Amino acid sequence: MNTLKWLLKREFWEHKGAFFYAPLILAIVMVGVTALTLGFGMVSSDAPFRHLLTAMTTGPAPIPGGLSGVADLLATLSLVATSPLLLMLTASAFFYCLAALYDERRDRSILFWKSLPLSDTHTVLSKVITVTIVAPLIVIGVSTATSVLLVLCAGTIAALNGVNLFGALLTSPVFLLAPLRSLGMLPVYLIWALPTVGWLLMVSAWARSKVFLWAVGVPVIALVLVKWITYVLGAGPAPGALMQTVVGRILLGLVPGSWLSGEASGIGSHNMQFTIDRVNGLLADSWATLASPGAWVGAVAGMAMMYAAIRLRRLRDEG
């Protein structure tokens, strides 16, 4: 256990830029741009936030629920606004897995690491934990802080224009439960990410060069061939649809929310109450997907590919 802890620290130290500094810088930029945009919007007659505040000070509540409804809306929008952090997590995790076992063979540092009393199982497991638990936890922390700062910016600007939203925000269940809901999503992300992590690590341990082409090109070409063969033979859409699902699982599993497919549609639409309801229901919808056999079949396949990656790392140490 102590060995695994030090391996996890090593992974964090070596990839601190991708997993910590990159999302932190993006969050700072997002907060700065949002604050400037909201501030500038108060002198623009077309800004929706200005219209919202004006309606609250001059007439009946523009949103059902009054101040509470507006607070829930701001808290929901602050969560949606952090979606670029999730896209950055996807890209960082994808390329981390691709390089995880290939780079150490390319620069021959694997010879040094194999001279230490470190097992291949511990090494590969530390990379799996890093990409499925450590990196998402960092992004959850950064995105939570970002959401709080975005809400504070909006609340401060509203207060300067005669609308005090802080009391409603601090009692908003959407705002208060957001960190717990994000943490509750982590086990679902882990299970759905296993096929992609296993596939990328296996290719990273096997390929002698052109890792990206092997990892992405082979599944895509296989999908095209299956669809072409079924078209020529007139076998119907079922084989192509099955292959499309397999390719999606091994290439897109690191995308947060990929397991929801069409259920997340509508988030960010102009129907504010609909957006709030969809965001509030994401956690329950996500856990419901674990009732499907496909989730666990993919997880078992992912673990099998991780075992293959461990065996390949043990056998292949060329530069």
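The values are calculated or read from the model by the stated rules, or taken from the named source; none is laboratory data. Remember, predicted model here, so these are calculated numbers, not experimental data. Protein only, heavy atoms only, side chains kept; ligands, DNA and RNA dropped before computing areas. Shrake-Rupley method; radii C 1.70, N 1.55, O 1.52, S 1.80 Å.
Per residue, what volume in Å³ does the Cα convex hull of the range 92-217 take up?
152
Just the ratio, please: alpha-carbon radius of gyration of the range 101-148 over 2.2 N^0.38 Å, N its number of residues.
Taking N as the residue count of the range 101-148, the ratio is 1.60.
Measure nothing but the geometry: give the 0 to 90° angle between the long axis through the Cα atoms of 2-14 and the longest principal axis through the Cα atoms of the chain, rounded to 10°.
70
Return the calculated 222 nm mean residue ellipticity for the chain, to the nearest 500 deg cm²/dmol, obtained by summing -39500 (n - 2.57) across DSSP H runs with n ≥ 4 and dividing by the residue count.
Value at 222 nm, helices only, nearest 500: -23500 deg cm²/dmol.
Please give the per residue volume of the convex hull enclosing the alpha carbon atoms of the range 173-214, rounded to a whole number of Å³. Before the final figure, lay out each step's value.
Values: hull volume 3.6 nm³, N = 42.
Once divided by residue count, the hull of the range 173-214 is 87 Å³.
Keeping the other protein chains in place, figure out the carbon and sulfur percent of the accessible area of the chain, with a 1.4 Å probe.
73
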